[in-house]
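Structure first, then comments.
Read-outs: derived from the displayed coordinates by stated rules, not from any lab. Keep in mind that what you see is a predicted model, and the values were worked out from it rather than measured. All Cβ positions, glycine included, derive from the backbone under ideal geometry; neighbour counts span all protein chains shown.
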Amino acid sequence: MSDFHSDHKHQLLRAVDALFGAPHSNPARQIRSRRRLPVLVAIMIGALLLAAAAFAASRIIGVGSPVRPSGGPERSSLSTGVGIPVQGSHSRHRSASLLPISVPDPAGGLPWGMRIVTTTRGLLCVQIGRLLDDRLGVLGQDGQFKNDRLFHELPAGALDQSTCSQPDVVALYREFGPAAASPLPGEIPSCSYPGSPRAEPSAPPSCPAQDERMIAFGVLGPHAVSVSYKATNRVHTVETSGSHGAYLIVFPRPPAQAPVNGDFMAASIVPTEQLPVAAIQGYLLSTIVFRFGDRRCQTGPEHQPGGPPACTASRTATPVLSPPAASNLHSRVTLVARKRAEGYALDLTFIAPAAVHNANTAYGAEYTMRGSYPCEAGGAGQPIERDIKRGQRVHVVMSVNQKPGCHGMIYGRILLGRQGAPLAGPTYDERTVGRFSFDLP
Amino acid sequence: MAALTDGELLDRTRAGDREAFGVLYERRHELVLAFLLKRTRDPEVAMDLMAETFAASLVALADRPPAIDGSAAPWLLTIARNALIDSYRHGKVESAARQRLALEPLAISDSDVERVLQVAAETDLLVRLAVELPTDQFEALRARILDERGYEEIARQLECSAAVVRKRVSRAISTLRQARQGST
């Protein structure tokens with residue numbers, strides 16, 4: 001229908017040739033040859049680029065500088081973002097937060113470990129890394145830490161918000177290389193994932209394909225007993241660890257039968273009894289066994305013969321997030337518009353009618369624009385990711401990009417609601433706190 | 001080819017018929033775009049997500065072909081929703097599928113944006129989905145997935161218990177899942 005769509009469609013058709021083998025397209029064949037490289041590289045099923053062969057367990061490994069928590073404006077603090085580790089949960093040595101999980105590396109390198117960090121904003125964050133002397137860290141290779149071949153300890157404060165969740169929901173994760181191998185958001189490795197196409201000639205070369213790892217991990221809650229998964233044509237079962245029901249699985253390379261399609265995120269928005277079977281399968285599990293009192297049940301895409309009966313909704317129910325408690329949530333919103341080169345900045349101020357104590361709830365601002373063509377629709381939303389006291393004066397700035405000839409009315413509101421996932425903004429049980437409008441001249 | 005069902009088009013696509021996927025794209029991209037625009041309210045982000053959605057659908061088709069008899073809309077919307085949630089989670093629109101297929105970044109012009117807004121205005125997302133799903137599943141799915149409302153609120157509106165809403169949503173998701181993956 002337009003240049004974008006025709007170009008996009010053309011690219012997709014070339015990809016069809018490459019994927020499914022139309023005989024007339026040589027460039028597509030080239031793509032196909034890349035496509036035959038590890039199946040899940042580009043679909044975020046934990047490809048960890050840490051070569052094991054070079055780090056045999058018996059080899060002495062030097063220790064480099066610890067990983068630094070990310071900086072910049074997006075860095076979380078005690079009361080913003082995902083928060084920071086609560087005191088006592090970031091011990092350097094094995095502790096309650098560093099789980100008693102040690103998973104051998106498929107190629108014989110340092111074993112893999114898992115730590116759960118409770119943050120000051122009430123979230124559970126999961127960290128995955130290699131274990132060396134009861135310390136969790138990452139290895140300096142495959143583009144990380146300038147390939148210094150050293151072990152770099154991963155402090156609890158180096159959190160990745162994408163592996164944080166509300167504590168009372170099930171969270172399943174599949175990790176992609178840089179997020180887990182290098183907990184330094186924004187750091188650019190010197191090689192890209194095996195099989196990934198080079199976007200431009202100056203892009204870094206691919207990392208060795210044999211370095212690829214795939215991990216699946218999660219926290220299934222206090223009722224979880226074990227998880228099962230298929231590998232090398234047989235079913236493996238591992239017990240979950242601790243009160244969070246944690247598990248960690250490391251594969252040498254993505255199995256071809258693994259599903260695709262990115263994060264389903266049933267994890268953070270659906271209580272246990274609604275955990276879709278497809279989501280369990282998507283996170284490489286075949287069965288999860290829960291225990292409620294003296295009874296056990298199993299759920300998942302592949303019922304284990306001889307195992308407990310299938311779970312039912314009532315038996316596997318877990319508490320859902322509690323709704324905002326305040327009743328009168330009205331507040332007057334003050335708007336001051338400032339002209340900018342690309343449009344306007346709307347300075348919004350309101351008095352918080354209810355407190356936000358943690359990342360389970362959040363205020364947010366959003367607007368829609370109504371006007372004459374071509375500005376008949378559009379809008380934006382912005383979460384306010386910080387703890388807020390009741391009665392506190394809250395200030396948030398929203399940008400309005402004004403295209404030439406675009407005039408109309410901005411209608412907006414301040415919301416308070418529960419967050420389906422950290423930093424997602426109000427998602428459920430939204431309440432309108434106040435409204436604002438602006439005549440876009 | 002226009003008379004073929006979505007499922008038949010996907011079968012032909014897997015057999016190497018590029019035009020079949022072209023027909024599917026023309027048939028479904030407005031629906032996907034309307035869904036994403038409704039959720040993002042940003043035409044450029046919606047277009048970016050739509051591009052990732054169709055790329056991811058090809059990846060899925062290659063690696064785990066869905067068993068789709070009729071409409072592929074539920075399957076595509078599930079993929080679109082996942083892409084959307086990924087973008088919320090990571091603070092950016094993911095491009096993993098496009099990277100895997102070696103698709104190049106596309107420029108979005110003002111005229112593209114104008115057309116997107118026009119398409120969204122002309123596409124009644126709910127009406128189109130209503131013909132894809134059984135009534136009760138559609139109602140629950142609309143509220144829970146398209147509108148992202150809580151079970152209790154939906155239950156009040158539908159005058160049933162939250163448990164019933166959960167069950168309906170579960171069945172709707174199951175329908176989507178079956179369409180997407182063939183079996184559960």
Taking placed amide H atoms and a strict 5 Å upper bound, the residues 5 or more places from A:Val433 or on another chain that come that close are A:Ile414, A:Leu415, A:Leu416
Determine, for A:Met369, A:Met114, the number of other Cβ atoms within 10 Å of each Cβ, and report the residues in order from fewest to most.
-> A:Met369, A:Met114
Going residue by residue through the range A:144-160, the Karplus relation 6.51 cos²θ - 1.76 cosθ + 1.60 with θ = phi - 60° gives ³J(HN,Hα) values, rounded to whole Hz and with x marking Gly or Pro, of 8, 6, 6, 6, 7, 6, 9, 8, 10, 5, 9, x, 5, x, 8, 8, 10
What is the fewest-to-most order of A:Tyr363, A:Tyr344, A:Tyr411 by other Cβ atoms lying within 10 Å of their Cβ?
-> A:Tyr411, A:Tyr344, A:Tyr363
In what order do B:Thr53, A:Thr237, A:Thr118 fall by count of nearby beta-carbon atoms within 10 Å, going from fewest to most?
-> A:Thr237, A:Thr118, B:Thr53
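Enter the mean number of other protein chain beta carbons within 10 Å of the beta carbon of each residue in B:102-109, as an integer. Write out the running numbers ahead of the final one.
Numbers: counts 16, 8, 5, 1, 7, 3, 3, 3.
Counting other chains' Cβ atoms within 10 Å and averaging over B:102-109 gives 6.
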³J(HN,Hα) across the range A:233-242 via Karplus (A = 6.51, B = -1.76, C = 1.60, θ = phi - 60°), whole Hz, x for Gly/Pro?
-> 6, 8, 8, 10, 10, 10, 6, 6, 10, x
Report the FRET efficiency, 1/(1 + (r/R0)^6), for A:Leu78 and A:Val397, where r is their Cβ-Cβ distance and R0 is 35 Å, rounded to 0.05.
-> 0.95
What is the distance, in nm, between label points placed 7 Å from the Cα along the Cα-to-Cβ direction at B:Ala107 and at A:Asp3?
-> 0.5
Expressed as a whole percent, how much of the Cα-Cα distance distribution for the range A:334-440 exceeds 22 Å?
-> 32
Give me the number: length gained by fully extending A:Arg68 to A:Ile351, i.e. 0.36 nm times residue separation minus the C-alpha to C-alpha distance, one decimal in nm.
-> 98.3 nm
At R0 = 51 Å the Cβ-Cβ FRET efficiency linking A:Thr334 and A:Asn233, nearest 0.05, sits at 0.20
List the residues whose amide H sits under 5 Å from the amide H of A:Asp105, counting only those 5 or more places along or on another chain, with H placed 1.01 Å from N in the peptide plane.
-> A:Trp112
